[in-house]
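The structure under discussion appears below in the form of structure tokens.
The values are calculated or read from the model by the stated rules, or taken from the named source; none is laboratory data. Worth saying up front: this structure is predicted, and the values here are computed from it rather than measured. All Cβ positions, glycine included, derive from the backbone under ideal geometry; neighbour counts span all protein chains shown. Areas reflect the complete protein model, heavy atoms only, side chains present, ligands, DNA and RNA absent. Shrake-Rupley method; radii C 1.70, N 1.55, O 1.52, S 1.80 Å.
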Amino acid sequence: MKLLIIEDDQTTREFVAKGLQEHGYIVDQAADGNEGLMMALSGEYDLVILDRMLPYLDGMKVLSAIKATQESLPVLILSAMDSVEDRVDGLQAGSDDYLIKPFALAELIARVDIIINRSQRQSRPQTSLSYDCLEVDLRAHRVTCNKIELQLQPKEFQLIQHFIEHSEQVVSRMRLFESIWSYHFDPKTNVIDVHVANLRRKLEDAGCHDLLPTVRGAGYVLRR
């Protein structure tokens with residue numbers, strides 16, 4: 001894992017870098033906002049540790065620019081600005097954590113570990129879904145109901161995936177047209193009714209009854 005520290009105080013910057021390196025991280029350093037932003041946007045880093053008070057470009061502007069172009073890049077603010085308003089501003093601007101100076105190195109490293117682990121979990125592509133008696137293998141495009149494999153058409157597979165991802169929620173016809181058929185208008189056809197009816201029949205044949213009812217005037221809902 002490669003980290004970037006953007007901090008103008010050399011003593012703090014080198015102290016943090018040394019601690020993180022001893023913990024197993026690769027660490028680069030930048031001493032001002034302009035240099036730090038250029039490095040952060042290179043795509044090389046897994047996390048940025050960012051001071052708020054920086055020469056040339058302040059930390060909040062650096063944070064805003066990072067999140068505008070690399071929203072998934074985690075940022076931990078490390079700052080002497082310690083009021084509640086300061087912390088709230090930093091978190092609302094998109095930082096993943098906010099640690100106040102002076103700080104314990106062990107706490108900083110623990111927070112970095114937590115953010116990195118969370119980011120890795122979120123970046124892993126989802127490969128399966130499940131709901132009640134349903135199991136969906138997203139890689140193999142395979143759906144089973146009560147351990148019985150369903151023979152689904154492509155749109156039926158997309159429908160069941162969408163319903164599971166939004167289980168217990170009423171899904172409107174218009175939302176299905178937009179998400180699955182890429183229509184941003186109602187084409188006034190019964191294509192959804194036909195596909196949902198076919199999907200229900202296949203579910204019922206496998207023993208999953210009344211799992212996908214119609215909510216009159218609103219749409220459909222996947223619920224037990």
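Points worth noting:
- Complete set of residues in segment 176-224 that are part of a helix (DSSP H, G or I), open to solvent by less than 60 Å² (accessible area, probe 1.4 Å) and over 21 Å from CYS145 (Cβ atoms): PHE177, VAL191
- Scanning segment 1-26 for residues that are open to solvent by 70 Å² or more (accessible area, probe 1.4 Å) and of a type in the set (Val, Ile, Thr) turns up THR11, ILE26.
- Among residues of segment 131-144 that are of a type in the set (A, V, I, L, M), those with a Cβ under 8 angstrom from a residue that is open to solvent by 80 Å² or more (accessible area, probe 1.4 Å), sequence gap 6+ or separate chain, pair up as VAL136/ARG142; LEU138/GLN126; VAL143/GLU135; VAL143/GLU149.
- Qualifying residue in segment 27-47 (condition: in contact with a Lys or Arg (Cβ under 7 Å, 6 or more places away or on another chain), part of a strand (DSSP E or B), open to solvent by less than 40 Å² (accessible area, probe 1.4 Å) and in the same structural domain as SER119 (by the TED database)): no
- Of ARG87, ARG139, all but one fail to be outside the structural domain of GLU22 (by the TED database), open to solvent by 30 Å² or more (accessible area, probe 1.4 Å), under 29 Å from ASP46 (Cα atoms) and of a type in the set (Lys, Arg); the exception is ARG139.
- Residue in segment 117-136 that is farthest from GLN70 (Cα to Cα), counting only those that are surrounded by 16 or more Cβ atoms within 10 Å (Cβ to Cβ) and in contact with a strand residue (DSSP E or B) (Cβ under 7 Å, 6 or more places away or on another chain): CYS133
- Members of segment 65-97 found to be within 18 Å of the chain's Cα centre (by Cα) and either assigned to a helix (DSSP H, G or I) or of a type in the set (Ser, Thr, Tyr) (or both), listed by number: ILE66, LYS67, ALA68, THR69, SER72, LEU91, GLN92, SER95
- Condition check for GLU107: more than 19 Å from TYR220 (Cα to Cα), open to solvent by 20 Å² or more (accessible area, probe 1.4 Å) and charged (D, E, K, R): yes
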